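Take a look at the structure set out below.
The values are calculated or read from the model by the stated rules, or taken from the named source; none is laboratory data. Given the structure is predicted, the values throughout are model-derived calculations rather than measurements. No Cβ is skipped: glycine too gets one built from the backbone with ideal geometry, and neighbour counts run over all protein chains shown. Calculation scope for accessible area: heavy atoms of the full protein, side chains included, ligands and nucleic acids excluded. Shrake-Rupley method; radii C 1.70, N 1.55, O 1.52, S 1.80 Å.
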Amino acid sequence: MKRKSRPAPFDGALVIDKPRGRTSHDVVDAVRRLLGFRQVGHLGTLDPLATGVLVLLLGRATRFAQFYAGRRKRYLSTFRFGFATDTYDADGEALGPDTAPQLDRAVIEGLAALLTGRFAQMPPSFSAKKIHGRPAHELARRHKPVELKPVEVEVFEFRLLEITGSQARFSVECASGTYIRSLAQEMGAQLGCGAHLAEIIRTAVGEFTLDQAVRLEDLERAVHAGNTGEWIVPLGRLLLELPRVSVLPMVEHRVRHGSRFQLPLAQIQPGHMEMPQGAPAQLDAGERKPQRLRVFNQQDQLIAIAEAVLPRTFQPVVVLEAEP
């Protein structure tokens, strides 16, 4: 007889303030050890150089990762002009001497404007992009040819904040898949002096902001004090942009079994997401998405995410296990 797995002690989102020098997978492993269970996933990695918002999904919330694809991201980044590196950031090897250029604000702002909007971007060779099933960075570290193709990215805001010597600090809002390192590399190439990413802080992923984030050492203290739940966004507070509906037990039974169900449109409450300070103006790039809704039972527990398949008819696409 197959042994039933023990439910995760926490379900929801946990926003970590990732420290510099650690990989996103290091952070996931650390959280797994602290919380004592393995059902922890993330909504997009950060490079070891980066700090800031790393969104983790815990327990049953891991099944919601698909609905967060395409969330806009915000960064504070510092570009160092004067030389490029092989990784496009400060962790790489310099590709020439430091020319320590004098930066002209108007010129930098003009280049930032050219790199705003939709355009084709070449990913860094030292990246997780796959080449015949292998990450590009593995080939790059072995000095093997790395043949990557440009991908379309979108930058919504690329605003110069300040210039200090040969460094420029920017606020960037972009679509998922955009490499800030590549923006630095391209800007340096345009100026002819080379540039690389010196520092980067991710301040928001969609509705999740740095103000919500907890450092690993503070999370450890919360675990020991029994206050872990204070840092977790519960299931019922996720995906607030989706409409919600509360169903009667008869409909809940159909939903639990993954069957289609019908609803009077008057029962559906519109979704509402108040974007916190520091979050992007919009959640995503505005791509057309299926009509989805959050389904709650009479105990106000989130039991499923469903999609419209016909007028007033919905199909569960994710059904959560009942709470113990």
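Just a few scattered comments:
- Pairs with Cβ under 7 Å, 6+ apart, first in the stretch 206-222 and in a loop (DSSP other than H, G, I, E, B), second surrounded by fewer than 16 Cβ atoms within 10 Å (Cβ to Cβ): 207/273; 207/275; 207/276
- Residues that are touching a Ser or Thr at 6+ places or on another chain (Cβ under 8 Å), more than 13 Å from residue 219 (Cβ to Cβ) and open to solvent by less than 60 Å² (accessible area, probe 1.4 Å), drawn from the stretch 24-41: 24, 41
- Residue within the stretch 78-88 that is closer than 20 Å to residue 213 by Cα and either touching a residue at least 24 places away in the same chain (Cβ under 8 Å) or open to solvent by 20 Å² or more (accessible area, probe 1.4 Å) (or both) present: no
- Residue match in the stretch 266-273 (condition: over 24 Å from the mean Cα position of the chain (by Cα) and assigned to a loop (DSSP other than H, G, I, E, B)): yes
- Residues in the stretch 89-103 that are buried (at least 17 other Cβ atoms within 10 Å of the Cβ) and part of a strand (DSSP E or B): 89 alone.
- Some residue of the stretch 292-302 being crowded, with 19+ Cβ neighbours inside 10 Å, outside any loop (DSSP other than H, G, I, E, B) and among the β-branched types (Val, Ile, Thr): yes
- Flag if residue 106 is farther than 28 Å from residue 29 by Cα, aliphatic (A, V, I, L, M) and either in a strand (DSSP E or B) or open to solvent by 20 Å² or more (accessible area, probe 1.4 Å) (or both): yes
- Criterion: farther than 30 Å from residue 74 by Cα and either among the basic types (Lys, Arg) or free of Cβ contacts under 8 Å to residues at least 60 places away in the same chain (or both) - qualifying residue of 319, 255, 251: 251
- Residue within the stretch 193-201 that is surrounded by 21 or more Cβ atoms within 10 Å (Cβ to Cβ) and among the small types (Gly, Ala, Ser) present: yes
- Condition check for residue 74: in contact (Cβ under 8 Å) with a residue 60 or more places away in the chain, among the basic types (Lys, Arg), farther than 26 Å from residue 304 by Cβ and open to solvent by 30 Å² or more (accessible area, probe 1.4 Å): yes
- Residue 21 falls short on exactly one of the conditions (1) open to solvent by 50 Å² or more (accessible area, probe 1.4 Å); (2) outside any loop (DSSP other than H, G, I, E, B); (3) small (Gly, Ala, Ser), and that condition is (2).
- When each of 221, 260, 215 is tested for being of a type in the set (D, E, K, R) and either open to solvent by less than 30 Å² (accessible area, probe 1.4 Å) or under 20 Å from the mean Cα position of the chain (by Cα) (or both), the lone residue that passes is 215.
- Taken residue by residue, the stretch 263-274 has at least one member that is closer than 28 Å to residue 54 by Cα, open to solvent by less than 70 Å² (accessible area, probe 1.4 Å) and touching a residue at least 12 places away in the same chain (Cβ under 8 Å).
- Members of the stretch 232-265 found to be assigned to a loop (DSSP other than H, G, I, E, B) and within 27 Å of residue 214 (Cβ to Cβ), listed by number: 238, 239, 240, 241, 242
- Residues being aliphatic (A, V, I, L, M) and open to solvent by 50 Å² or more (accessible area, probe 1.4 Å) - total across the stretch 228-257: 2
- Residues of the stretch 42-70 classified as out of contact with any Lys or Arg (no Cβ under 9 Å at 6 or more places or on another chain), outside any loop (DSSP other than H, G, I, E, B) and open to solvent by 10 Å² or more (accessible area, probe 1.4 Å), total: 7
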